[in-house]
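Taking it in order: structure first as structure tokens, then the write-up.
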Amino acid sequence: MPGARVRKLLAVSVLLSCTMPAGASRLIFESDFDHAPEGPYSRAEAARFLTQATFGPTLESIEELCRIGYEAWFAQQFSAPVSRQLPFLDSLLLAGQTDVWQDKRQEIWWRNVLTGPDQLRQRMAFALSQILVVSDDNGALEGNPTTLAHYYDLLAEHAFGNYRALLEAVTLHPAMGHYLSMFKNRKPDEAQNIRPDENFAREIMQLFSIGLWQLNPDGTLRDGDPARPGSPADPDLRPADDPRLRPRLHRLELLDLRAAARRRGSAGLQLVVVDLLSLGSEHPGLAPAPGLAHADEALGRGHAPTATSTTPAPAASSSSTTPA
């Protein structure tokens, strides 16, 4: 009986060698049975994945991923301890160092992203920091590396969690409160002429969550008018490349620029912006659009807060003010 089985196996192997396409037998017998069933199936595939999921592959990490597979790798990353920045800065302060500034925070950032075991978490935290932005290029935060370190640690802690919980944590963090001028924000009170700062409210809707346009689940623009495919649901909101909206966007940018010039006390820049705004009398596209009159009035433009006001106030004479 054993001899008969051997003869049958030999016969099957001969038949397979005659019927398989050229090269198929080589692929079968050269395949590696050590790979995890979900992959990766080559070192190149592992290197590509680690380039995207970490701050760069090493020979050791490539071999490890090939050995354990994607699922085990993700399980390791989800359970790895968080590499934080604040404990490092605190240790320097407790040791008596007095020159703990932003360079020390950057030092621990580099150490964590290059050598930390939680590579996926650090990559996620970095991506979130490019969306939920704060910066040391800010008067209130420039001299507070520990505040920024704590904020980045918060992003790392929430890297694998619920985005709603992350938004709440970011909203309540002092770094964001100072960066987007929400710190000590007060409720509206018309009797005392108190109006809340809505900067963060705009940012959280426009940049941190829903965005400018209402979208379908596949990311395409939701149609608001069946007769006009691609039109937004809100007729007052049009894509930025719509020529009807360009003048309005341009005017909003100029208003923002003039407000910044006033904050910095640059009279010369204010005059330039006023001259550009005065083009509305010659260029209908730059005339104040409905809804902008309130912004014009708040910035001292002089328009009454009505939708019918389209005539801009005369431009200031450049000879009456000495440019800063």
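How about the range 103-125: which of its residues are touching a residue at least 40 places away in the same chain (Cβ under 8 Å), surrounded by 16 or more Cβ atoms within 10 Å (Cβ to Cβ) and of a type outside the set (Asp, Glu)?
Answer for the range 103-125, where residues must be touching a residue at least 40 places away in the same chain (Cβ under 8 Å), surrounded by 16 or more Cβ atoms within 10 Å (Cβ to Cβ) and of a type outside the set (Asp, Glu): 104, 105, 108, 109, 113, 119, 120, 121, 122, 123.
What number of residues in the range 87-109 are of a type in the set (A, V, I, L, M, F, W, C), within 26 Å of residue 76 (Cα to Cα) and over 20 Å from the mean Cα position of the chain (by Cα)?
Here the count works out to 2.
Identify the single condition in (1) in contact (Cβ under 8 Å) with a residue 12 or more places away in the chain; (2) part of a helix (DSSP H, G or I); (3) over 26 Å from residue 85 (Cβ atoms) that residue 197 does not satisfy, given that it satisfies every other one.
(2)
Please enumerate the residues belonging to the range 58-85 that are over 20 Å from residue 111 (Cα atoms) and of a type in the set (Phe, Trp, Tyr).
Within the range 58-85, 70, 73, 74 meet the criteria.
Per-residue answers, yes or no, for (1) in contact with a strand residue (DSSP E or B) (Cβ under 8 Å, 6 or more places away or on another chain); (2) part of a loop (DSSP other than H, G, I, E, B); (3) β-branched (Val, Ile, Thr):
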| position | (1), (2), (3) |
| --- | --- |
| 103 | no, no, no |
| 114 | no, no, no |
| 127 | no, no, no |
| 133 | no, yes, yes |
| 136 | no, yes, no |
| 139 | no, yes, no |
| 155 | no, no, no |
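So, in the range 76-86, exactly how many residues are part of a helix (DSSP H, G or I) and exposed (fewer than 12 other Cβ atoms within 10 Å of the Cβ)?
Residues that pass the stated criteria total 1.
No value in this document is a laboratory result; all are computed from the given coordinates. Computed from a predicted model, the values in this text were never measured in an experiment. All Cβ positions, even for glycine, are placed from backbone atoms using ideal geometry, and neighbour counts span all protein chains on display.
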